[in-house]
Amino acid sequence: MIKEATGTGATVDEAREKAIAALGAGAEDDIQFDVEPPKKKILGLFGGSPAKVRVWIEVPDEKKPTSKKQNHEKKEQVKKQNKPAE
């Protein structure tokens, strides 16, 4: 599964930081990003746009037990782990 977020800012670095914060990713994650640099205003008045950065990471899917037997076995393992020592 892929999680993604988009950030905007005056600079590419600012936009990237905002996007990573919105994604909740850490330094250990394999973060990939796509950058759209800012556009300057014409004559300082018209047009222009902030930098946009789209970041994404691939997160492993959570696997669910496929049968009642597997589910029961997992419950038994948890019971054994939580059982106090005698």
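For the stretch 44-71, residues that are at pLDDT 70 or above, out of contact with any helix residue (DSSP H, G or I) (no Cβ under 9 Å at 6 or more places or on another chain) and open to solvent by 70 Å² or more (accessible area, probe 1.4 Å) total 6. Pairing each residue of the stretch 1-19 that is under 18 Å from D29 (Cβ atoms) and open to solvent by less than 70 Å² (accessible area, probe 1.4 Å) with any residue that is modelled with pLDDT of 90 or more and not in a strand (DSSP E or B), provided the two are 6+ apart or on different chains, yields C-beta distances under 6 Å for A5/A19; A5/A22; G7/A15; G7/K18; G7/A19.
Applying the criterion of being of a type in the set (A, V, I, L, M) and open to solvent by 60 Å² or more (accessible area, probe 1.4 Å) to the residues of the stretch 31-43, the residue that is modelled with the highest pLDDT is V35. Taken together, the criteria exclude E28 from residues that are at pLDDT 80 or above, within 31 Å of the chain's Cα centre (by Cα) and open to solvent by 100 Å² or more (accessible area, probe 1.4 Å).
The values are calculated or read from the model by the stated rules, or taken from the named source; none is laboratory data. Everything numeric here is computed off the predicted structure, so don't read it as measured data. When we count neighbours, we look across all protein chains shown, and the Cβ atoms used for this are built from the backbone with ideal geometry, even at glycine. Side chains are part of the model used for accessible areas, which takes the heavy atoms of the whole protein and leaves out ligands, DNA and RNA. Shrake-Rupley method; radii C 1.70, N 1.55, O 1.52, S 1.80 Å.
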